[in-house]
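**Student:** Structure incoming, see below.
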Amino acid sequence: MIVRGSQIVCELAPGEGNPRNSEGSFLGLRDGRIVFAYSRYHGMSAGDHASCDICAVYSEDGGESFGKPRTLVRAAEYGVENVMSASLVRLVNGDAGLMYLIKRPGLTSDVVFRRSSDELESFDSETVIAPQGYPGYFVVNNDRILRRPNGELVVPAAKHPSSIWPDADGTVRYDSRAACCFFVSRDDGRTWTQGRAVLNLPHGAYSSSGLQEPGVIELANGVLYAYFRTDLMWQYESVSLDGGEHWFAPQPSRFSSPCSPMLIKRNGFSGKYYAVWNPVPEYPGRLEGPWITAGRTPLVIAESGDGYTFSPSEVVEGDEDHGYCYPAMYFTDEHTMLLAYCSGGAEDGNCLCRTTIRKVRLG
C-alpha cells in the first residue's frame, strides 16, 4: 500500500474576479513554514494567456492548513498580462530560487529565474534561462527544477517554434509539436547554458504534440531520466548517461497517458521515487463537454526504489466529472507528502481552474 490515508488541506477555488487558480510548487522555509506558489488569474478569462500573477499561500502547521494568498510576482512588472508556472528550489547557498514563465506578445515567452535571500519576501533581478538565441514559445511546467547532488540545476523545456510572419488577419501561430532541450546552471542559478542535445519525437509525423511539458529526475546511479507528455497514448522517455550532454532517442514508457503532464520526484528522507499521472488514455465517448476533464482522470500514484521500476498504481482522485493534472509534490518527512494538483470540474469551467492541496500519509 502506497497511500495509507489522506485529507484535503486547502482548496484554491475560482471566484468572482479570480477565474482560475492553477499549477504551482512547494518550498520549505527556514522558519518552518511551507509555501505553495501558484498561478492566480484575475479578471474575467481563465485562458492560458489571460491576466495572471504568481501568488502564494503559507502553512504554519506542517501542511495541515494554508492561509490567504499573497502576491509574489505581478505580470505588470514586465508590461505583460501573464506570468505563470512557478517552480521553487532551495539553492546551495541557502537562498530560495523561483522560476516562472513570462508570456510575451507574438506567441513568445521567456523562462526566468530569480533569487531571494529573505525567504521570498523580495527578489533579485531576473536571470533569463530561455530563450538563448532564436526566440520561440517555451513551456516549462510547474515544479520542474532538478537540483542534482553535485549542485547543478537542470531545467527541461519544451520549445514550440513561433511564426515570424503573422497571417493576413494578424494572427501569430506556433507549432504545437514541441522539441525538448535542457538548460543547466553550474553556479547555483546565477547563469544558465543550453545543453547541446535537442530531442524530437522519432515519428513526429504521426503526432500533433511532439514532446511536450518535459520533466527530469536523477536516478540513484547518476543517470538522468526524462519524460514527456504526448498525444500517442503514452508518456515518452529518454535517458542520459553523461549528465545531460547526450540522450537516447525518446521511446514509449510504461506510463500510459492522455496528453497530460506527469511528475516524478524523489523523497529525500526515504530515497523512494513517486510518480503521479493520469494512466487512462482518452478514447471516443469518454471526453464530454468543452475541455472539462480532457481525459485527465483518474489521478494515480506509484512508487519506486530506483526511479525506473515502479509499483502498481493506486488512485488518488477518480471523479470522472473532474480533471486532475499539473501535480506538485513536497515531502515533510519519510511518510508524509503534500500533493497539489488542478482539480476543476464543470462548476469551475474546466479542470485547470481549481487547485487542491492534499496531505498524503505514505505506507
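**Student:** Inside region 330-349, can you point out the residues that are surrounded by fewer than 21 Cβ atoms within 10 Å (Cβ to Cβ), more than 15 Å from Glu64 (Cβ to Cβ) and in contact with a Gly (Cβ under 7 Å, 6 or more places away or on another chain)?
**Tutor:** Scanning region 330-349 gives a single hit, Ala346.
**Student:** Only residues that are under 18 Å from Val198 (Cα atoms) and not in a strand (DSSP E or B): list them for region 146-169, please.
**Tutor:** Pro161
**Student:** So for region 250-259 (the condition being within 29 Å of Thr193 (Cα to Cα), basic (Lys, Arg) and at pLDDT 95 or above), does at least one residue qualify?
**Tutor:** Within region 250-259, not a single residue is within 29 Å of Thr193 (Cα to Cα), basic (Lys, Arg) and at pLDDT 95 or above.
**Student:** Of all residues in region 173-186 being modelled with pLDDT under 95 and basic (Lys, Arg), which is nearest to His49 (Cα to Cα)?
**Tutor:** Per the stated criteria, the residue is Arg173.
**Student:** Filter region 304-322 down to residues that are of a type outside the set (Asp, Glu) and farther than 20 Å from Ile264 by Cβ, then give me how many there are.
**Tutor:** Going through region 304-322 one residue at a time, the tally reaches 2.
**Student:** From the list Gly170, Gly210, Gly189, Gly204, which residue is at pLDDT below 95 and surrounded by 14 or more Cβ atoms within 10 Å (Cβ to Cβ)?
**Tutor:** Matching residue, one of Gly170, Gly210, Gly189, Gly204: Gly204.
**Student:** Same structure, new question: Could you list, in sequence order, all residues of region 75-108 that are modelled with pLDDT under 95, farther than 15 Å from Asp53 by Cα and not β-branched (Val, Ile, Thr)?
**Tutor:** Pro105, Gly106, Leu107
**Student:** Under the condition of being more than 22 Å from the chain's Cα centre (by Cα) and either among the aliphatic types (A, V, I, L, M) or not in a strand (DSSP E or B) (or both), which residue from region 4-22 is surrounded by the fewest Cβ atoms within 10 Å (Cβ to Cβ)?
**Tutor:** Within region 4-22, the match that is surrounded by the fewest Cβ atoms within 10 Å (Cβ to Cβ) is Glu16.
**Student:** Return the pair list, or none, for Cβ contacts closer than 9 Å from residues in region 307-324 that are farther than 23 Å from Leu352 by Cα to residues that are assigned to a strand (DSSP E or B) and among the polar types (S, T, N, Q), at least 6 apart or on different chains.
**Tutor:** Qualifying pairs under 9 Å: Phe310/Ser304; Ser311/Ser304.
The values are calculated or read from the model by the stated rules, or taken from the named source; none is laboratory data. Predicted, not measured: the structure shown is a model, and the values here were computed from it. Backbone-built Cβ (ideal geometry, glycine too); neighbour counts: all protein chains shown.
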